[in-house]
1. What are the pairs with Cβ atoms under 6 angstrom where one residue, in the stretch 91-107, is at positive phi and of a type outside the set (Gly, Ala, Ser) and the other, located anywhere, is more than 9 Å from the ligand (Cβ to nearest atom) and open to solvent by less than 20 Å² (accessible area, probe 1.4 Å)? Sequence gap at least six, or different chains.
2. When you scan the stretch 184-203, do you find a residue that is modelled with pLDDT of 95 or more and part of a strand (DSSP E or B), even just one?
3. Looking at Gly50, is it at pLDDT 95 or above, more than 16 Å from the ligand (Cβ to nearest atom), in contact with a Phe, Trp or Tyr (Cβ under 8 Å, 6 or more places away or on another chain) and more than 15 Å from Val120 (Cα to Cα)?
4. Check Thr4 against each of (1) of a type in the set (S, T, N, Q); (2) part of a loop (DSSP other than H, G, I, E, B); (3) surrounded by fewer than 18 Cβ atoms within 10 Å (Cβ to Cβ) and name the one condition it does not meet.
5. Before we move on, is Ser126 exposed (fewer than 15 other Cβ atoms within 10 Å of the Cβ) and within 16 Å of the ligand (Cβ to nearest atom)?
6. Of the residues Gly88, Gly68, Gly98, only one is closer than 17 Å to Ala27 by Cα and crowded, with 23+ Cβ neighbours inside 10 Å; which?
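The values are calculated or read from the model by the stated rules, or taken from the named source; none is laboratory data. Keep in mind it's a predicted model, so treat the numbers as computed, not measured. Ideal geometry is used to build each Cβ from the backbone, glycine not excepted, and the neighbour counts take in all protein chains shown. The area values use the complete protein model at the heavy-atom level, side chains included, leaving out ligands, DNA and RNA. Shrake-Rupley method; radii C 1.70, N 1.55, O 1.52, S 1.80 Å.
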Amino acid sequence: MDKTEQDRLKKAAGIEAAKLVENGMTAGLGTGSTVRFFVDELGRRVKEEGLEFTGVTTSRRTKEQAEGYGIRIVDIDQVDHIDVTIDGADEVDKNFNGIKGGGAALLWEKIVATNSRKIVWIVDESKVVDTIGRFPLPVEVIPFGERHVLDRFKERGYNPVLRMDGQGQPVLTDEHNHIIDLHLERIEHPQDLAQDLITTVGVVEHGLFLNMVDTVIVGDPNGPRVMT
Ligand code: 5RP
């Protein structure tokens, strides 16, 4: 699929998802290029339809975009709960096991998701897979001692790569941590892997989101398709 077509499908999913945000709600706003389309549509609804809601964002990038549209954004600790969170994903299988963190926002994304009554993902059809793992699995680590975490991951055969930016520096997350991407190709036992990662000292969080999502809106060439 070329990028233009992929963007068309992402946008269609984003516009569809924006219908789920209603007046008075507290909505979690995810991160990524698909979410950008979703927030653009929310901005349009705020301007043209007078939609009023409160947003909790999963990254500084999304906060900036949403505030640019005049959307009220509050800190997650200022709300009791989040009604619905809409976020992107890098891969998702039919059991709703997914990988997130391609945009390095997985930690805040998981915290926002965990405190949401409903979680919706928006993806283009290329992200729906039989087995997750082809997309490198992001793991957020504390910079202190990360070389040793990389060594542990190498010993376990996880093919870890420290994510670098265009200037040859490690990518920094919103919490000033680093990202190690695990090149696994197939994740046959995601629960076991999740347990192994989260119990590795130095790991803050990983991008496995296992059976957390309620609904996936898939941008399909025939129109947005809903998986529940
Ligand atoms: C950011 C994420 C994104 O939601 C995920 O990478 C999907 O991004 P995109 O919509 O740009 O393909 O998890 O950390």
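1. Listed by first residue and then by second, the contacts come to Phe96/Val213.
2. Yes; the residues of the stretch 184-203 include at least one that is modelled with pLDDT of 95 or more and part of a strand (DSSP E or B).
3. no
4. Only one criterion in (1) of a type in the set (S, T, N, Q); (2) part of a loop (DSSP other than H, G, I, E, B); (3) surrounded by fewer than 18 Cβ atoms within 10 Å (Cβ to Cβ) is unmet by Thr4, namely (2).
5. Values: exposed (fewer than 15 other Cβ atoms within 10 Å of the Cβ): yes; within 16 Å of the ligand (Cβ to nearest atom): yes.
Yes; evaluated as a whole, the condition is true for this residue.
6. Working: Gly68 fails: crowded, with 23+ Cβ neighbours inside 10 Å; Gly98 fails: closer than 17 Å to Ala27 by Cα.
Being closer than 17 Å to Ala27 by Cα and crowded, with 23+ Cβ neighbours inside 10 Å holds for just one of Gly88, Gly68, Gly98, which is Gly88.
This table checks each residue for (1) open to solvent by 40 Å² or more (accessible area, probe 1.4 Å); (2) of a type outside the set (Val, Ile, Thr); (3) more than 9 Å from the ligand (Cβ to nearest atom).
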site: Gly55; (1), (2), (3): no, yes, yes
site: Lys63; (1), (2), (3): yes, yes, yes
site: Asp83; (1), (2), (3): yes, yes, yes
site: Leu106; (1), (2), (3): no, yes, no
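Residue by residue, here is whether (1) closer than 20 Å to Gly103 by Cα; (2) β-branched (Val, Ile, Thr); (3) over 16 Å from the mean Cα position of the chain (by Cα) holds:
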site: Gln169; (1), (2), (3): yes, no, yes
site: Asp174; (1), (2), (3): yes, no, no
site: Ile179; (1), (2), (3): yes, yes, no
site: His183; (1), (2), (3): yes, no, yes
site: Ala194; (1), (2), (3): yes, no, yes
site: Val201; (1), (2), (3): no, yes, yes
site: Asn211; (1), (2), (3): no, no, no
site: Arg225; (1), (2), (3): no, no, yes
